[in-house]
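The values are calculated or read from the model by the stated rules, or taken from the named source; none is laboratory data. Quantities reported herein were computed from a predicted structural model and do not represent experimental measurements. Positions of Cβ are generated from backbone atoms using ideal geometry, with glycine treated the same way; all protein chains shown enter the neighbour counts.
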Amino acid sequence: SPTRIAVDRDALGAAVPHRLFGTFVEHMGRCVYDGIHSPGHETADAAGFRADVLELVRELGATVVRYPGGNFVSGYRWEDGVGPREERPVRLDAAWHSTETNQVGLHEFAEWADAAGLEVMEAVNLGTRGVAEAADLLEYTNHPSGTALSERRRENGRDEPFGIRLWCLGNEMDGPWQIGHKTADEYGRLAAETARMMRFIDPTVELVAAGSSNHEMPTFGAWERTVLRHTAGLIDHISVHAYYEEDPDDPASFLASGAALDRYIVEVAGIIDEVGATTPDGNPIGISVDEWNVWNQTRWNEVDKPRVFTGDWPIAPRLIEDDYTVTDAVVVGSLLITLLRRADRVSMANLAQLVNVIAPIRTEPGGGAAWRQSTFHPFRLTAEAASGRVVVPHVEGATIDTARHGAVDAVDAIATVDGRDVTVFLAHRDLHAATEIELDLGAVDAVEAVVVTIPEGGDRHTTNSAEGEPVSPVALNVRVGDDGILRFTLPALAWARVRAR
Ligand code: AHR
């Protein structure tokens with residue numbers, strides 16, 4: 001029997017946050033060097049940034065970019081990345097066991113982000129550093145002129161302030177792998193005092209405190225409660241980081257990862273309410289899902305990590321360059337559906353990362369071609385069309401039993417309504433059978449639909465590469481019946497977008 005989905009265009013929920021479609025550039029592996037930046041490349045501009053990669057970044061349609069880490073930021077001195085490039089120090093990056101040349105720093109990156117149409121979300125180092133250095137960086141970026149640091153910025157070629165609004169107070173400080181790892185009390189106090197000082201310098205900043213590194217951390221919950229008690233009234237958002245990977249013996253649970261993210265968000269929202277933690281304006285603190293993606297961490301731990309942490313300190317080594325499959329694309333699309341569904345509490349989100357490192361965009365090592373991974377598409381198609389207000393559709397159809405997340409809807413769906421435009425995003429998580437969909441959107445004139453699914457001759461493990469991009473959206477045939485109902489077939493394992501007005 002068909003899956004029936006009904007969207008009540010009057011049941012308007014939360015506004016779609018503009019910043020829900022953020023991304024992340026870390027000084028890690030080949031994300032910056034040999035990724036967005038490659039001076040020898042035929043498309044590189046005077047600053048060394050690749051025009052072809054920039055073009056793909058624009059096409060992706062992200063809104064915000066978190067920078068410069070990640071674990072990297074916890075050992076980073078921002079001053080190393082400003083001033084004449086030939087004078088910048090070469091440093092050890094202890095987080096990723098790499099050599100950091102500092103040829104890209106704040107100025108170059110901010111200009112690149114500007115060209116890409118991305119708002120910079122800057123992270124301060126609360127691993128090896130503290131209040132003073134965060135305050136210095138803020139003064140350097142945002143104070144107009146007339147002080148040592150603001151004048152130094154001007155001497156370095158930037159007359160006007162960068163005007164960076166969004167700031168992360170450290171990164172994953174609950175993780176023992178983090179440089180300068182802290183207890184919740186230590187971090188909570190430091191984050192609060194850093195926030196206080198930053199607000200004294202620039203009251204317009206928006207601050208994100210670091211929540212747990214993942215839902216399975218033994219300190220999850222207690223960490224959030226403690227950090228929120230210290231920082232309430234001083235911060236605007238608390239972070240959630242969530243990576244999912246496939247257990248080859250249990251793809252059904254992997255495909256239901258959206259249920260795990262949903263539970264994680266709901267639990268953090270519950271803690272915010274329980275603590276009564278508000279922003280300086282008295283609103284509930286928002287949830288910033290500022291790292292999320294599919295990431296094969298088993299391979300990272302078993303293969304990449306032992307290969308890299310050897311005693312050599314390479315420049316821009318290949319790190320966690322996961323090749324994304326059709327299955328991964330459906331999961332990424334489904335995680336976006338969860339983020340939209342929880343837009344009442346999720347204030348922003350960042351797909352981690354942007355280029356090469358667990359990324360929607362890849363470049364071949366040493367300046368070869370740039371190409372789109374399978375996961376590029378659900379992200380681009382969602383960022384492009386999700387606007388206005390969220391509507392949670394009524395779904396009536398089959399469910400799938402999963403070992404890790406219980407029973408989930410075979411078709412995961414969310415809608416957004418913006419004036420006369422309605423868009424429905426659907427993830428079909430059944431691996432074996434297609435399903436007929438009957439979609440009721442009320443009266444419609446024009447309909448346009450696309451689907452990302454297993455390409456002809458491929459299977460669910462098919463990936464894209466520099467040689468070709470078989471996992472790409474194709475048109476989905478939708479019939480509009482006399483009864484006004486939209487009917488179409490969703491293939492097994494598929495992510496689709498249906499737009500109508
Ligand atoms: O995105 C890769 C890494 O994952 C980040 O540096 C860190 O914050 C997280 O553990």
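Remark: pairs (first residue in region 342-355, closer than 17 Å to Pro378 by Cβ and in the same structural domain as Asp236 (by TED's automatic domain parsing); second residue within 16 Å of the ligand (Cβ to nearest atom) and basic (Lys, Arg); Cβ separation under 9 Å; 6+ apart in sequence or on different chains) = Asn350/Arg66; Ala352/Arg66; Gln353/Arg66.
Condition first: away from the ligand (no atom under 16 Å from the Cβ) and outside any helix (DSSP H, G or I). Now tell me which residues in region 155-169 satisfy that.
Correct list: Asn156, Gly157, Arg158, Asp159, Glu160, Pro161, Phe162, Gly163, Ile164, Arg165, Leu166.
Can you tell me which residue among Asp401, Asp412 is more than 16 Å from the chain's Cα centre (by Cα), in a strand (DSSP E or B) and surrounded by fewer than 17 Cβ atoms within 10 Å (Cβ to Cβ)? Asp401 is the lone residue from the list that is more than 16 Å from the chain's Cα centre (by Cα), in a strand (DSSP E or B) and surrounded by fewer than 17 Cβ atoms within 10 Å (Cβ to Cβ). Scanning region 170-195 for residues that are at negative phi, within 16 Å of the ligand (Cβ to nearest atom), of a type outside the set (Gly, Ala, Ser) and part of a loop (DSSP other than H, G, I, E, B) gives Asn171, Met173, Asp174, Pro176, Trp177, Gln178, Ile179, His181, Lys182.
Per the conditions (1) within 16 Å of the ligand (Cβ to nearest atom); (2) of a type in the set (A, V, I, L, M); (3) surrounded by 15 or more Cβ atoms within 10 Å (Cβ to Cβ), the sole criterion not satisfied by Val303 is (3). Candidates Glu122, Glu139, Glu133: the one that is within 16 Å of the ligand (Cβ to nearest atom) and under 23 Å from Glu206 (Cα atoms) is Glu122.
Quick one: which of Thr375, Thr382 is closer than 19 Å to Gly468 by Cβ and not small (Gly, Ala, Ser)?
Details: Thr382 fails: closer than 19 Å to Gly468 by Cβ.
On inspection, the qualifying residue turns out to be Thr375.
For Phe220, the criteria (1) away from the ligand (no atom under 16 Å from the Cβ); (2) surrounded by fewer than 20 Cβ atoms within 10 Å (Cβ to Cβ) hold in every case but one, which is (1). Counting only residues that are in contact with an Asp or Glu (Cβ under 7 Å, 6 or more places away or on another chain) and touching a residue at least 12 places away in the same chain (Cβ under 8 Å), region 30-47 holds 1 of them. Within region 16-29, no residue that is more than 24 Å from Lys305 (Cα to Cα) and free of Cβ contacts under 8 Å to residues at least 40 places away in the same chain sits with its Cβ atom under 7 Å from a residue that is within 9 Å of the ligand (Cβ to nearest atom) and assigned to a helix (DSSP H, G or I) at 6+ positions apart or across chains. The helices (runs of 4 or more DSSP H) found entirely in region 286-396 that carry 1 or more residues being of a type in the set (Ser, Thr, Tyr) are 326-341, 376-385.
Applying the set (1) assigned to a helix (DSSP H, G or I); (2) within 22 Å of the chain's Cα centre (by Cα) to Ser150 leaves exactly one unmet item: (2). Residues that are under 30 Å from Asp418 (Cα atoms) number at least 1 in the following strands (runs of 3 or more DSSP E) confined to region 18-132: 22-24, 64-67, 119-124. Evaluating Glu87 against the criteria (1) of a type in the set (Asp, Glu); (2) away from the ligand (no atom under 16 Å from the Cβ); (3) in contact (Cβ under 8 Å) with a residue 60 or more places away in the chain leaves one unmet condition, (3). Note on region 338-362: among residues that are under 15 Å from Val289 (Cα atoms) and not hydrophobic (A, V, I, L, M, F, W, C), the one that is farthest from the ligand (Cβ to nearest atom) is Asp344.
Assess whether Leu335 counts as being closer than 23 Å to Glu119 by Cβ, at pLDDT 95 or above and either more than 16 Å from the chain's Cα centre (by Cα) or away from the ligand (no atom under 16 Å from the Cβ) (or both). Taking the combined requirement at face value, the residue does not satisfy it. Per the listing Ile235, Ile265, Ile201, Ile285, the residue uniquely out of contact with any Lys or Arg (no Cβ under 7 Å at 6 or more places or on another chain), in contact (Cβ under 8 Å) with a residue 24 or more places away in the chain, farther than 30 Å from Ser145 by Cβ and of a type in the set (Val, Ile, Thr) is Ile285.
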